[in-house]
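Scroll down for the structure; my scribbles are underneath it.
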Amino acid sequence: MKSSQTKPVIEERRALFERFIREIAKYPFLLESDECRAFFHMEEEVTEILKKSPMQTPIDSLEKYRVVFPKVNEEHTEEEISEMIEQNKLFRAFMQKSALMLEVSNLFCN
């Protein structure tokens, strides 16, 4: 890819990353998470830092969820759960498409 073509891609990624950071900053529980700390204060590769971190059990994750979202109703009907599952599937499909687009754009940047 030519330098003139690379600059807009880099600028777009910079702007999207800045937007991502601004969104994270709205939620202290995300900003103060071990994962964010590892990323923002990295002295080594993030993947290596995360490998060294203890794995959370499902109960740990649930407890963190309950602390962060104390007002969330945990009692849902089967219909509500089905709707949430459908929304989750749509979001996962969107994320998979986004990941694919990032991989494709990486090919052009390298």
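Give the residue, chosen from F20, F108, that is at pLDDT 75 or above and either of a type in the set (F, W, Y) or assigned to a loop (DSSP other than H, G, I, E, B) (or both).
Numbers: F108 fails: at pLDDT 75 or above.
Among F20, F108, only F20 is at pLDDT 75 or above and either of a type in the set (F, W, Y) or assigned to a loop (DSSP other than H, G, I, E, B) (or both).
Scan region 29-60 for residues that are modelled with pLDDT of 80 or more and not in a loop (DSSP other than H, G, I, E, B) and jot them down.
P58, I59, D60, listed by residue number.
Among what's in region 6-21 and is without any contact (Cβ under 8 Å) to a residue 40 or more places away in the chain and not charged (D, E, K, R), pick the residue that is nearest to F39 (Cα to Cα).
Selected residue: I21.
The values are calculated or read from the model by the stated rules, or taken from the named source; none is laboratory data. Because the structure is a prediction, the values reported are computed rather than measured. Cβ coordinates were reconstructed from backbone atoms using ideal geometry, including for glycine residues, and neighbour counts include every protein chain displayed.
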